[in-house]
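Peer 1: Sharing a structure, written as structure tokens. Questions coming.
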Amino acid sequence: MVGGGCFTNHPVLNGSSGGGNVTNLGGVNCYVSGCSLSVIAILLVSDVYGFKAPLLRKIADKVGDSGYYVVVPDLVNDDPFNPKDLKRPNDVWVKEHEPAKCIETAKPIIEALKSKGISTMGAAGFCWGAKTVTDLGTAELTQASVLLHPSYITVDDVRGVKTPIAILGAEHDSLSPPELVKEFKHVLDAKPEVESFVKIFPNASHGWALRYDPTNPKALNEAEAAHKIMIDWFDKHLKK
């Protein structure tokens, strides 16, 4: 069974949250926000709770305020993990929503964006979504990547990435513990042709950048620090 960090502190989903709207891209419902005239798109890939999480959409709106067209795809196909469904514990849910398969769902979204005039793309993945983002970077379908408290990725996954990548880990994380994140850094340091940035947030726990308590100043500051690194990374590598 997968460690509990992915599946605790679950959000109250709200399909009408956020300042953007929902549209269909490549056959997938997506929350979109930001500048519709931008030629740079950012894919934000959710954790196991999907694209209706209000804080995820708030993050998308924030990225959009930096001049990007932001797309949050429903890669869980309107079937987010439900902690109240005791017949589908987390290991069952993950088998039905294998992260390794999501790149095939993401590819038509990317093609649809290209057809709308998007010329450059970045992607960020939270937890469950990190594998998709890593695979997109390996396939060079995106030009910059950010992983936030990633799960379901291996050292070999990171070794295969061919575009700039930032990895933000937590000190307290059973899914990507600091020892593993340090291995990611070691692999990336051996690839000087791929620019990288790796940071382990002290005292942070898995999910701190997405499932934080916005009424807690300390938690909010930690999350916003991660969001700033993410946006700065995209600005550096996509706005050329």
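The values are calculated or read from the model by the stated rules, or taken from the named source; none is laboratory data. No experiment lies behind these values; they were computed from the predicted model shown. Don't worry about glycine lacking a Cβ; one is built from the backbone with ideal geometry, like all the others, and counts go over all protein chains shown. SASA here: full protein model, heavy atoms, side chains in, ligands and nucleic acids out. Shrake-Rupley method; radii C 1.70, N 1.55, O 1.52, S 1.80 Å.
Peer 1: Could you order peptides 119-125, 166-172, 212-218 by the average number of other Cβ atoms within 10 Å of their residues, highest first?
Peer 2: Result, highest mean Cβ count within 10 Å first: 119-125, 166-172, 212-218.
Peer 1: While we're on this one: Using Cα centres only, tell me the gap between segment 209-230 and segment 60-101 in whole Å.
Peer 2: One Cα centre to the other: 20 Å.
Peer 1: Based solely on its DSSP helices, what 222 nm [θ] is calculated for the chain when runs of n ≥ 4 H residues each add -39,500 (n - 2.57) and the sum is averaged over all residues, nearest 500 deg cm²/dmol?
Peer 2: -10000 deg cm²/dmol
Peer 1: Further question: If you roll a 1.4 Å probe over the chain with all protein chains in place, what percent of the accessible area is carbon or sulfur?
Peer 2: Ligands and nucleic acids excluded, carbon and sulfur give 53 percent.
Peer 1: To continue, here is another question. Over the chain, with the other protein chains present, what is the accessible area per residue in square angstrom, probe 1.4 angstrom?
Peer 2: Accessible area per residue: 43 Å².
Peer 1: For q = 0.10, 0.12, 0.15, 0.17 Å⁻¹, what log10 I(q)/I(0) does the chain give under the Debye formula with an equal point scatterer on each alpha carbon and no solvent?
Peer 2: The calculated log intensity ratios at q = 0.10, 0.12, 0.15, 0.17 Å⁻¹ are -0.40, -0.60, -0.98, -1.31.
Peer 1: Filter the cross-link list 62/107; 116/185; 114/240; 84/114; 87/218; 84/199 down to pairs whose alpha-carbon distance in this structure exceeds 30 Å.
Peer 2: Cα-Cα > 30 Å for 116/185; 84/114; 87/218; 84/199; rest within.
Peer 1: Shifting gears a bit: In segment 54-157, which GluC sites (Glu not before Pro) fall in coil by DSSP and have 15 or fewer other Cβ atoms within 10 Å?
Peer 2: Those that pass, being in a loop and sparsely packed, are 140.
Peer 1: Hey, if you drop one equal point scatterer on each alpha-carbon of segment 129-170 and run the Debye formula without solvent, what base-10 log of I(q)/I(0) do you get at q = 0.14, 0.20 Å⁻¹?
Peer 2: -0.23, -0.48
Peer 1: Further question: Rounded, prolate or oblate: which one fits segment 63-186, using the alpha carbon gyration tensor with axes a ≥ b ≥ c (rounded when a/c is under 1.5, else prolate when a/b beats b/c, else oblate)?
Peer 2: Because a/c hits 1.5 or more and a/b fails to exceed b/c, segment 63-186 counts as oblate.
Peer 1: What does the C-alpha gyration tensor say about the overall shape of segment 183-240? Classify as rounded when a/c is under 1.5, otherwise prolate if a/b is larger than b/c, or oblate.
Peer 2: oblate
Peer 1: Another question, then. With labels modelled as points extended 7 Å from the Cα through the Cβ direction, what inter-label distance (nm, one decimal) is found for residue 107 paired with residue 88?
Peer 2: 2.6 nm
Peer 1: Something else now. Using 0.36 nm per residue of separation minus the Cα-Cα distance, give me the extension gain between residue 21 and residue 224 in nm, one decimal.
Peer 2: 70.8 nm
Peer 1: How about segment 75-153: which trypsin sites (Lys or Arg not before Pro) there lie in a loop by DSSP and see at most 14 other Cβ atoms within 10 Å?
Peer 2: 84, 87, 116
Peer 1: Work out how much length residue 189 to residue 95 would gain on full extension: take 0.36 nm times their residue separation and subtract the Cα-Cα distance, in nm to one decimal.
Peer 2: Length gained between residue 189 and residue 95: 30.6 nm.
Peer 1: Quick one: length gained pulling residue 58 to residue 216 fully straight, 0.36 nm per residue minus the C-alpha distance?
Peer 2: That works out to 55.2 nm of additional length.
Peer 1: Continuing with this model, one more query. Simple spin-label model, 7 Å along Cα-to-Cβ: residue 79 to residue 140 in nm?
Peer 2: Here the modelled spin labels are 3.5 nm apart.
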